[in-house]
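Below: one structure, written as structure tokens.
The values are calculated or read from the model by the stated rules, or taken from the named source; none is laboratory data. Quantities reported herein were computed from a predicted structural model and do not represent experimental measurements. When we count neighbours, we look across all protein chains shown, and the Cβ atoms used for this are built from the backbone with ideal geometry, even at glycine. Ligands, DNA and RNA are excluded from the accessible area calculation, which covers all protein heavy atoms including side chains. Shrake-Rupley method; radii C 1.70, N 1.55, O 1.52, S 1.80 Å.
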Amino acid sequence: MSKEDKNIVIVAAYMGTEPAKKNFDQLTQLVKDKKVKSDGMILVEKDKDGQISVSETGDHMGRKGAAWGGGVGLLVGLFAPPLLASIVVGAAVGALVGKFAKNKVVDGVEDGLGKNLKPGQAAILAIVEEKDRLAAEQALADSPAKSVAVMDEGGAKGLKAALNEARGKFNPDRTVLPIPDKTFGGAIARTMDQAVADWSFIPGPKAPESAPNVLLVLVDDAGFGGPEPFGGEIRTPTLERIGQMGLTYNAFHVTAVCSPTRAAMLTGRNHHRVGMGGIAEFPGPFPGYTGTRPQSCTALPRILKENGYITGGFGKWHMTPGREIGPAGPFEHWPQAWGFDHWWGFLTGAAGQYDPVITQDNSVIGVPEGKDGKLYYLPDDITDKTVEWIHAVRAHDANKPWFVYYSTGATHAPHHVAKEWADKYKGQFDDGWDKYRERTLERQKKLGIVPPDTELAARPDPYPAWDTLSAAEKKLYARQMEVFAGFSENTDWNVGRLVDEIEAMGELDNTLIIYIWGDNGASMEGTTTGSFNETTFFNGIVLNAEQQLAIIEKFGGIEELGGFHTAPHFAAAWAHANNTPFQWGKQMASHLGGTRDPLVVAWPSRIKPDAQIRSQFTHCIDVAPTILDAIGIPEPKQVDGIAQEPMDGVSFAYTFDDPSAAARHTVQYFEMYG
């Protein structure tokens, strides 16, 4: 070829070796007939045993199996270090890489490359003159995916640069988001019948092959010692089921308060780094307390969305400053701006379960009404809306992986639940919070949730011993806990409805489920007496048990606690009991009662069920890195042209297969409100 002519590199991928061989023969024949000028070409395939090899070569004269020289030698040499990593053919056919040296195939494949290529798949790499692109591509017509790049320089340097450009189509650089549009790998002709189409050119990111669906469940204001699988007395069959399907973690930590935990979890960064040193309603004029996530800390849903996922969020948000919650926005800190394709739920820190103010995407819907004269109930609707969305997604696209953030409004006050749920626990807590804590610790030891020498933290002085209470106090406080337990069980039941539907759809096997029982410890915000209506203590009004019972009688009596006309919270001593064996609870970042919560993880196709408890230190900032690691998506370095701050969290995927692995998250701070 003359120096004026430019060469191009064509990478053509094939699902099978036969069409690849046929096209290779066609291309070498064109070269032999002098209809296409080529510096050389090679056919690389993976056999049934998984071995990658150069099965055929062609030189500048169209001779197959010729001695490696010129372009053929250059192509073959490309597979030897340090240029080995330059070739990765992904997308429809997976990655192709082999090692070659001195005209011989060297055993082995570079670690991390070539693993996605399935037996029987192949690729053709050819160097041809740019003006012969159409003819060459017509010869490679059976390839479902091609990439073409111009060699601006000669020799290995030019080939490497061109192939780096070409490989971006098949194996895009996922560290820069959005992923750039793919280049056209076909060829244009005067008529359609002569042109070569490139269906892989169609815009849109693709998730990594076999990427799982992801279900991230977060329960609100629940404690370590509440659910049965962690030694408590609240029945949570779904939490137990997920743990039995996969793994149980007993050293998972949160930040001690709602907004900070959620922001940290969805960004993989410590809460101050993403502006959530406190709750979103109270932003401050200092770094770490703005109540808004900086653009340099892109959230998990946006990362997944830009990598080919469809993302949906349902339930509680609590990461938008109060001044921005309304029809006028601005919407830069609403869920869709965090990367959710669809959002349905409430934006505030709490909501009545019977009368929440619902937002959908960037619109305020208002308060929903019940159907057929029945009372509306938010926990049921969150599940219904999630199920509807997943079905709609799958009806439209049979394969696109989804990410669901299922964030319950329960068990945050008000503790709203139907009487039949609370009545399931009738009489169970009549002996009070002190006995509950003792029983829970003993069960935790038997379950291996805590070490056998664990001691029960002392009950804080402000909380009275149960035996010192009056009959009226015991009656009220026992019912408060019954309501909370029923509320909690209903929450888990609704999670179960969602999991059941995913299973019925045939999607459970490749769904990664991360189920977190609490964004902080159980809430002590009910004060020492609890309340039939939480607005009383918001306004500094503390009512003793006799006063509360007298008012409750006007609305149907104590049996109606948790109903539509109430907005109850339980006494802080019950929150402390639900955080057994630890001290204190929500808002207290200095004690594990506020920062340690139950976690179970399952992924049937990937994680083998293991009853051995994982005790490695884990934290909510580890969730995003773990999900990305499990999928095979790197942490982005740049998003929308903005350099990204690295995630603070550490993937705990290393614990999936090794219960005794040394903890990798070794440094962590806890701070909340000084």
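When Thr454, Thr491 are checked against the criterion of being open to solvent by less than 10 Å² (accessible area, probe 1.4 Å) and touching a residue at least 40 places away in the same chain (Cβ under 8 Å), a single residue qualifies: Thr491. Taking the criterion of being small (Gly, Ala, Ser) and either more than 24 Å from Arg596 (Cβ to Cβ) or assigned to a loop (DSSP other than H, G, I, E, B) (or both), the residues of the range 652-666 that qualify are Ser660, Ala661, Ala662, Ala663. Going through (1) within 22 Å of Gly313 (Cβ to Cβ); (2) in contact with a Phe, Trp or Tyr (Cβ under 9 Å, 6 or more places away or on another chain) one by one, Thr183 falls short only on (1). One residue stands out among those in the range 621-651 that are in a helix (DSSP H, G or I) and in contact with an Asp or Glu (Cβ under 8 Å, 6 or more places away or on another chain): the one that is surrounded by the most Cβ atoms within 10 Å (Cβ to Cβ), which is Ile621. Could we say that Ala264 is open to solvent by 10 Å² or more (accessible area, probe 1.4 Å), among the small types (Gly, Ala, Ser) and either in contact with a helix residue (DSSP H, G or I) (Cβ under 6 Å, 6 or more places away or on another chain) or over 21 Å from Gln587 (Cβ atoms) (or both) here? So Ala264 does not fit the description; no.
Could you please give the count of residues in the range 1-24 that are of a type outside the set (Gly, Ala, Ser) and free of Cβ contacts under 8 Å to residues at least 12 places away in the same chain? Summing the residues that are of a type outside the set (Gly, Ala, Ser) and free of Cβ contacts under 8 Å to residues at least 12 places away in the same chain in the range 1-24 gives 3. Evaluated against (1) surrounded by fewer than 18 Cβ atoms within 10 Å (Cβ to Cβ); (2) in contact with a helix residue (DSSP H, G or I) (Cβ under 8 Å, 6 or more places away or on another chain), Ala280 falls short on exactly one condition, (1). Per the listing Gln587, Gln583, the residue uniquely within 30 Å of the chain's Cα centre (by Cα), open to solvent by 30 Å² or more (accessible area, probe 1.4 Å) and among the polar types (S, T, N, Q) is Gln587. For the range 262-315, residues that are on the phi > 0 side of the Ramachandran plot and in a loop (DSSP other than H, G, I, E, B) total 5. Restricted to the range 457-488, and to residues that are in contact (Cβ under 8 Å) with a residue 40 or more places away in the chain, open to solvent by 30 Å² or more (accessible area, probe 1.4 Å) and not basic (Lys, Arg), which residue is farthest from Lys419 (Cα to Cα)? By that ranking, first place goes to Ala458.
The residue list Gly284, Gly275, Gly291 contains one member that is without any contact (Cβ under 8 Å) to a residue 24 or more places away in the chain and under 17 Å from Glu332 (Cα atoms), which is Gly275. When both residues are 6+ apart or on different chains and their Cβ atoms are under 7 Å apart, which pairs have a first residue that lies in the range 638-658 and is more than 19 Å from Val274 (Cβ to Cβ), and a second that is loosely packed, with under 15 Cβ neighbours inside 10 Å and of a type in the set (A, V, I, L, M)? Listed pairs, sorted by first residue: Tyr654/Ala661; Thr655/Ala661.
Just checking, does the range 344-361 include any residue being assigned to a loop (DSSP other than H, G, I, E, B) and either over 26 Å from Asp519 (Cβ atoms) or touching a Lys or Arg at 6+ places or on another chain (Cβ under 6 Å) (or both)? No, the range 344-361 contains no residue that is assigned to a loop (DSSP other than H, G, I, E, B) and either over 26 Å from Asp519 (Cβ atoms) or touching a Lys or Arg at 6+ places or on another chain (Cβ under 6 Å) (or both). When the range 427-439 is filtered for residues that are assigned to a loop (DSSP other than H, G, I, E, B), in contact with a helix residue (DSSP H, G or I) (Cβ under 6 Å, 6 or more places away or on another chain) and more than 16 Å from Ser470 (Cβ to Cβ), only Phe429 remains.
Taking the numbered list (1) over 30 Å from Glu455 (Cα atoms); (2) over 18 Å from the mean Cα position of the chain (by Cα); (3) at pLDDT 95 or above; (4) open to solvent by less than 30 Å² (accessible area, probe 1.4 Å) in turn, Asn213 passes all entries but (2). Residues that are in a loop (DSSP other than H, G, I, E, B) and not aromatic (Phe, Trp, Tyr) within the range 316-336 comprise His318, Met319, Thr320, Pro321, Ile325, Gly326, Pro327, Ala328, Gly329, Pro330, Glu332, His333, listed in sequence order.
Restricted to the range 36-55, and to residues there that are closer than 22 Å to Ala149 by Cβ and surrounded by fewer than 22 Cβ atoms within 10 Å (Cβ to Cβ), the residue that is nearest to the chain's Cα centre (by Cα) is Val54. So for the range 552-559 (the condition being among the charged types (D, E, K, R), surrounded by fewer than 21 Cβ atoms within 10 Å (Cβ to Cβ) and not in a loop (DSSP other than H, G, I, E, B)), does at least one residue qualify? Within the range 552-559, one or more residues are among the charged types (D, E, K, R), surrounded by fewer than 21 Cβ atoms within 10 Å (Cβ to Cβ) and not in a loop (DSSP other than H, G, I, E, B).
For the range 303-337, the candidate set comprises residues that are closer than 18 Å to Leu215 by Cβ and of a type in the set (Lys, Arg); within that set, the residue that is surrounded by the most Cβ atoms within 10 Å (Cβ to Cβ) is Lys316.
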